[in-house]
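> Handing you a structure now.
The values are calculated or read from the model by the stated rules, or taken from the named source; none is laboratory data. All values reported here derive from a predicted model rather than from experimental measurement. Glycine also receives a Cβ, built like all others from the backbone with ideal geometry; neighbour counts cover every protein chain displayed. The accessibility values were calculated without ligands, DNA or RNA, using every heavy atom of the protein model including side chains. Shrake-Rupley method; radii C 1.70, N 1.55, O 1.52, S 1.80 Å.
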Amino acid sequence: MKVAIVLSGGGSRGAYQIGVWKALKKLRIKYNIVTGTSVGALNGVLMTQKNYKKAYKLWSNMNFNVVFDQNTSNNMNVTDTKKIVKTYAKNIVFEGGMNAVNLYEAIEKLVDEDKVLKSNIDFGLVTVKYPRLKSLSLTKNEIPKGKLKDYLIASASCFPAFQKKEIEKEYYIDGGYYDNLPINLACKMGAEQIIAVDLDAVGLKRKTKYKNVDVKIIKSKHDLGSFLIFDSYLSNKNIFYGYTDTLKEYGKLDGEIFTFKKHQANKIYKKYEHKFFDKLKKILNIENERNSLKKIIKDKTFKKVFDNDKKTLLDTIEKLGVIYEMDDTKIYRISKYNKILLDKINIVEINNINGALKSLKLLEKKKLVKYIYIKINEGSDDLMFLATMFKKEFLCALYIEIIK
């Protein structure tokens, strides 16, 4: 069975695809075809050459100086949004877009056309002729001899942010203007199974014409940042996300936003499901208050708890991680995760707790959850009100109560 890797465009988000590649290597998944658009084409040709180490080195050290010349990128700091926007705008107006000269020089060094042509992995890319906006999808054997690097740059010329690419008196721009996730090209090249990495960036995506092809799409639930921001810290985070998201997709890790070692999800559920359910019933005195039962049991959020829905508990655990700003670039055991979480909760201060109820909606989430947790601990008469007004935060506070 021919397996294809399909890589979307997405500028600086391309680091995510290197993380996916790392995971595919760990999973020992072989592939026969790679297609890509824009940065996906650049990463794809390196996958065709099997140059993981060079690709990783390039992306883990990514910054503006790696992409643009010194005059353009000097003193451009990822935190200085205004300066970045101004630089892009200035070059769009006066230069027809940014000139990614340093990146193109890197491609010259990294890409070996002979090695690509001799590789047992087929390769294809998408670009668009300008100004006619006519699409051009080419396999490695269809690209004119000696022009591979030119067409790679053409595919990645994200006009108007980047300059157009001229090849033999014709101009080309980013393939995302036609198909930012070239699944159909992979199918046309003979793919029977596809692993597509979607960076969720600006660009058109064509509907899959080939209905009998198995397509698995890997797409991050994290914010991968602006596709025009080049920064090594962000790049390394995205490599981690790509790696762990892929292993989750294949059942080797647990979690969605956060990452847990394999089987931790089941361990969490088995350890806490009954405590979670029983504590909720006890707190809300459901057996003795029919009105309470009607209010709560009809609510979808609480009904899932009563139905022993595993996902509700796991979502609650991850929501707590988001609220209390847990590090999402680590792989956790649940015991360690809970310990760090409790430490973070303990340092949150709530002044004038009794008077806070009037302005509860204005409280930031971390204070709101702790407030509800304290009320649960006190056995407050306000619990029914808090449960109906702040359902998800109430479940978060309940989880804190059962692990403390």
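> So, G175, is that one under 15 Å from T37 (Cα atoms) and touching a residue at least 24 places away in the same chain (Cβ under 8 Å) or not?
Yes: the conditions hold for G175.
> Please work out which one of (1) over 20 Å from G10 (Cβ atoms); (2) touching a Cys at 6+ places or on another chain (Cβ under 6 Å) is the condition D174 fails and give its number.
For D174, the exception is condition (1).
> Check whether at least one residue in the range 128-146 is surrounded by fewer than 17 Cβ atoms within 10 Å (Cβ to Cβ) and within 18 Å of A100 (Cβ to Cβ), and report yes or no.
No, there is no match, as no residue in the range 128-146 is surrounded by fewer than 17 Cβ atoms within 10 Å (Cβ to Cβ) and within 18 Å of A100 (Cβ to Cβ).
Okay, residues lined up against (1) more than 20 Å from the chain's Cα centre (by Cα); (2) aliphatic (A, V, I, L, M); (3) at pLDDT 95 or above; (4) open to solvent by less than 70 Å² (accessible area, probe 1.4 Å):
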position	(1), (2), (3), (4)
I5	no, yes, yes, yes
N32	yes, no, yes, yes
N43	no, no, yes, yes
L46	yes, yes, yes, yes
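> Something else about it: Just one of the numbered conditions (1) hydroxyl-bearing (S, T, Y); (2) open to solvent by 20 Å² or more (accessible area, probe 1.4 Å); (3) outside any loop (DSSP other than H, G, I, E, B); (4) farther than 23 Å from Y31 by Cα is not true of Y243; which one?
(4)
> Just to be sure before I move on: is K145 basic (K, R) and under 29 Å from the mean Cα position of the chain (by Cα) in the structure I sent? Before the answer, list the steps.
On the way: basic (K, R): yes; under 29 Å from the mean Cα position of the chain (by Cα): no.
When the stated conditions are applied, K145 does not pass them.
> In addition: Check K165 against each of (1) open to solvent by less than 50 Å² (accessible area, probe 1.4 Å); (2) over 30 Å from K145 (Cα atoms); (3) in contact with a strand residue (DSSP E or B) (Cβ under 6 Å, 6 or more places away or on another chain); (4) among the charged types (D, E, K, R) and name the one condition it does not meet.
(2)
> For residues in the range 81-102 being in a helix (DSSP H, G or I) and open to solvent by less than 30 Å² (accessible area, probe 1.4 Å), which is nearest to V34 (Cα to Cα)?
For the range 81-102, the residue satisfying everything is Y88.
> Same structure, new question: Name every residue in the range 246-264 that is open to solvent by less than 20 Å² (accessible area, probe 1.4 Å) and assigned to a helix (DSSP H, G or I), in order of residue number.
Residues satisfying the conditions are T246, L247, Q264.
> Can you say whether D198 is out of contact with any Cys (no Cβ under 9 Å at 6 or more places or on another chain) and modelled with pLDDT under 95, as far as the supplied structure shows?
No.
> Within the set of pairs 6+ apart or on separate chains, which have a first residue in the range 198-211 that is open to solvent by less than 40 Å² (accessible area, probe 1.4 Å), a second that is modelled with pLDDT of 95 or more and among the small types (G, A, S), and C-beta atoms under 6 Å apart?
D198/S8; L199/S8; L199/G10; A201/G9; A201/G10; G203/G9; G203/G176
> When you scan the range 112-213 for strands (runs of 3 or more DSSP E) that lie fully inside it, which ones turn up with 1 or more residues that are polar (S, T, N, Q)?
Those strands (runs of 3 or more DSSP E) span 122-130, 134-139, 193-197.
> For a quick check of your reading of the model, give me the residue pairs whose first member lies in the range 93-118 and is touching a residue at least 60 places away in the same chain (Cβ under 8 Å), whose second is among the basic types (K, R) and part of a loop (DSSP other than H, G, I, E, B), with beta-carbon atoms closer than 8 Å and at least 6 apart or on different chains.
G96/K164; G97/K164; V116/K140
> I'm checking my understanding of the structure. Among residues of the range 52-108 that are of a type in the set (D, E, K, R) and under 18 Å from E166 (Cβ atoms), which one is farthest from the chain's Cα centre (by Cα)?
Per the stated criteria, the residue is E95.
Residues are listed down the side, and each one gets a yes or a no for (1) surrounded by 15 or more Cβ atoms within 10 Å (Cβ to Cβ); (2) in contact with a Leu (Cβ under 9 Å, 6 or more places away or on another chain); (3) modelled with pLDDT under 65; (4) part of a helix (DSSP H, G or I):
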| site | (1), (2), (3), (4) |
| --- | --- |
| N266 | no, no, no, yes |
| K270 | no, no, no, yes |
| E273 | yes, yes, no, yes |
| K282 | no, no, no, yes |
| N288 | no, no, yes, no |
| G321 | yes, yes, no, yes |
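> Examine the range 215-227 for a residue that is crowded, with 20+ Cβ neighbours inside 10 Å, of a type in the set (F, W, Y) and under 20 Å from Y88 (Cβ atoms), and state whether such a residue exists.
Yes.
> Can you say whether T329 is modelled with pLDDT of 75 or more, under 30 Å from F64 (Cβ atoms), of a type in the set (S, T, Y) and touching a helix residue (DSSP H, G or I) at 6+ places or on another chain (Cβ under 9 Å), as far as the supplied structure shows?
Yes, satisfied.
> I've got another one for you. Working only within the range 228-240, note down all residues that are farther than 22 Å from A196 by Cβ and open to solvent by less than 40 Å² (accessible area, probe 1.4 Å).
L228, I229, F230, D231, L234
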